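The values are calculated or read from the model by the stated rules, or taken from the named source; none is laboratory data. These numbers come from a predicted model, not from an experiment. Neighbour counts run over all protein chains shown; Cβ positions are idealised from the backbone, glycine included. Surface accessibility is based on the protein's heavy atoms, side chains included, excluding ligands, DNA and RNA. Shrake-Rupley method; radii C 1.70, N 1.55, O 1.52, S 1.80 Å.
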Amino acid sequence: MSGTTNGTEPYVSAELYAEVQQFYAWQMNLVEGPGADADAWAQTFTEDAVFESAGEPEPQRGRDALRATVRAGVEHIAAQGLDFRHWFGMVGVEQRPDHTLRTRYYALAMATAPGGPLAIRGSLLCHDELVRADDGRLLVRRRSLEADGRAR
Amino acid sequence: MSGTTNGTEPYVSAELYAEVQQFYAWQMNLVEGPGADADAWAQTFTEDAVFESAGEPEPQRGRDALRATVRAGVEHIAAQGLDFRHWFGMVGVEQRPDHTLRTRYYALAMATAPGGPLAIRGSLLCHDELVRADDGRLLVRRRSLEADGRAR
Amino acid sequence: MSGTTNGTEPYVSAELYAEVQQFYAWQMNLVEGPGADADAWAQTFTEDAVFESAGEPEPQRGRDALRATVRAGVEHIAAQGLDFRHWFGMVGVEQRPDHTLRTRYYALAMATAPGGPLAIRGSLLCHDELVRADDGRLLVRRRSLEADGRAR
């Protein structure tokens, strides 16, 4: 987003904003409650989705790769007995002329071990490209993460 | 919520989503600002409300019990000079055929002692059942809390 | 906000609520991403804006003073190599008869040093007065901060 201040802030309608908020709550819920479902989570991305993290040499490409990665993550978390939560906040949404959405948000990744206090594992600046599936659902086509505190 | 991915995610209208968000901000505000009002907070629950926490043998039942409990909590917090905040986030809302709402959200309970840093007291997974009062207001009929990190 | 429980909670429409949420994400984004723009941030306040913090003897007055202060803050943060984030949450909005808005929200100020964990620098209770610019944009006319844990 550029620093425009002339009334062209990329605000979207309340309907769209509430949909994006609910989509994110839904998406992360799929892998954070009891009954975490890596497959359902992967279905919230397009077949050719790109998932990139600043500082990593290569992005992950494709729903199958994302499914495998998140499944391993879910199993690792379960093996440790952790309760893991992702909070998204300060969400900005911009609608492009082609009806794709660009979102920007902060994320906190937090874990609580059995009997232990909550530990904040990371703070992230995130950008998504969201598109519509044929049935109208939102899907992530690209997710780009920048971890706070990384070397630059 | 089941892991359905066929377009039937339980999203609600922007009007309803914004109402629930404002209800939660309002509700917790009632006991967290100066002038905390345990009675007003209790009025945001139905007369026969049930408040349950995973791992506790018995839920609390009824608005009167909730009022007494929250009043004791407010007084305890004030006696310690703490500033206490509950943050709700990642809210999902599902509307049932009978027009009751089921919500799911994360909560962080945070306290700051005089001159001290903020301490995160707990992370919770929460489910509410919300119903309408005769005058149209939302009321909590059931609140179910699951503290992260508890023994299972 | 008074503790009214008779259906007159100061809820606003979904359109207005989503606009305020997007405004806050936009506003803080202006000084927290790469390319922080203190000038653009200052433009989200009225010319005669008042910015006050409980416990400080004098509020800051006027957009020029705010611009200078935030610019110094942005430069200080950049010099330390920090990633700084403000999260706003639990937002309440009340519309006054004169169409100004009163908002109430919690804020967390968080910083991550290079290679370091996230540190929560402060928790705040915030109240804003928002007005409309001639072009319809929201502007902050008054922002009042109360840091949790301060002496009282």
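Taking the conditions exactly as written (surrounded by fewer than 22 Cβ atoms within 10 Å (Cβ to Cβ), part of a helix (DSSP H, G or I) and of a type in the set (S, T, N, Q)), does residue B:69 satisfy them or not? Considered against the rule, which asks whether it is surrounded by fewer than 22 Cβ atoms within 10 Å (Cβ to Cβ), part of a helix (DSSP H, G or I) and of a type in the set (S, T, N, Q), residue B:69 comes out as yes. Within the stretch A:36-68, restricting attention to residues that are free of Cβ contacts under 8 Å to residues at least 12 places away in the same chain and not small (Gly, Ala, Ser), the residue that is nearest to the other protein chains (Cβ to nearest Cβ) is A:37.
I want to confirm something. Restricting to the stretch B:111-132 and keeping residues that are open to solvent by less than 10 Å² (accessible area, probe 1.4 Å) and under 19 Å from residue A:113 (Cβ atoms), which single residue is nearest to the chain's Cα centre (by Cα)? If you could, list the steps in order and put the result at the bottom.
Pass one, the stretch B:111-132, residues open to solvent by less than 10 Å² (accessible area, probe 1.4 Å): B:111-112, B:123, B:125-126, B:128, B:130.
Right, trim to under 19 Å from residue A:113 (Cβ atoms) and you get B:123, B:125.
Numbers: B:123: 13, B:125: 10 Å.
Selected residue: B:125.
Annotation note: of A:91, A:12, the sole residue that is surrounded by 16 or more Cβ atoms within 10 Å (Cβ to Cβ), assigned to a strand (DSSP E or B) and within 12 Å of chain B (Cβ to nearest Cβ) is A:91. Residue C:96 meets the conditions (1) away from chain A (no Cβ under 12 Å); (2) among the charged types (D, E, K, R); (3) open to solvent by 30 Å² or more (accessible area, probe 1.4 Å); (4) in contact (Cβ under 8 Å) with a residue 12 or more places away in the chain in every case but one. The failed one is (4). Would the stretch C:67-77 turn up any residue that is touching a Pro at 6+ places or on another chain (Cβ under 6 Å) and modelled with pLDDT of 95 or more? No, because not a single residue in the stretch C:67-77 is touching a Pro at 6+ places or on another chain (Cβ under 6 Å) and modelled with pLDDT of 95 or more. On the stretch given as the stretch B:115-133, residues that are part of a loop (DSSP other than H, G, I, E, B) and at pLDDT 95 or above total 1.
Out of the stretch C:108-120, which residues are within 14 Å of chain B (Cβ to nearest Cβ) and either in contact (Cβ under 8 Å) with a residue 24 or more places away in the chain or of a type in the set (Ser, Thr, Tyr) (or both)?
Within the stretch C:108-120, the subset within 14 Å of chain B (Cβ to nearest Cβ) is C:108-111, C:117-120.
Selection gives C:109, C:110, C:111.
Among the residues making up the stretch A:20-29, a single one is open to solvent by 10 Å² or more (accessible area, probe 1.4 Å) and in contact with a helix residue (DSSP H, G or I) (Cβ under 8 Å, 6 or more places away or on another chain): A:21. Being more than 15 Å from the chain's Cα centre (by Cα), free of Cβ contacts under 8 Å to residues at least 12 places away in the same chain and within 10 Å of chain B (Cβ to nearest Cβ) is true of residue C:18. Only a single item in (1) buried (at least 17 other Cβ atoms within 10 Å of the Cβ); (2) assigned to a helix (DSSP H, G or I) is not met by residue B:86, and it is number (2). Somewhere in the stretch C:47-64, is a residue within 26 Å of residue C:16 (Cα to Cα), of a type in the set (D, E, K, R) and surrounded by fewer than 16 Cβ atoms within 10 Å (Cβ to Cβ)? Scanning the stretch C:47-64, I find at least one residue that is within 26 Å of residue C:16 (Cα to Cα), of a type in the set (D, E, K, R) and surrounded by fewer than 16 Cβ atoms within 10 Å (Cβ to Cβ), so the answer is yes. The residue of the stretch C:133-149 that is surrounded by the most Cβ atoms within 10 Å (Cβ to Cβ), among those that are more than 12 Å from the chain's Cα centre (by Cα) and away from chain B (no Cβ under 14 Å), is C:138.
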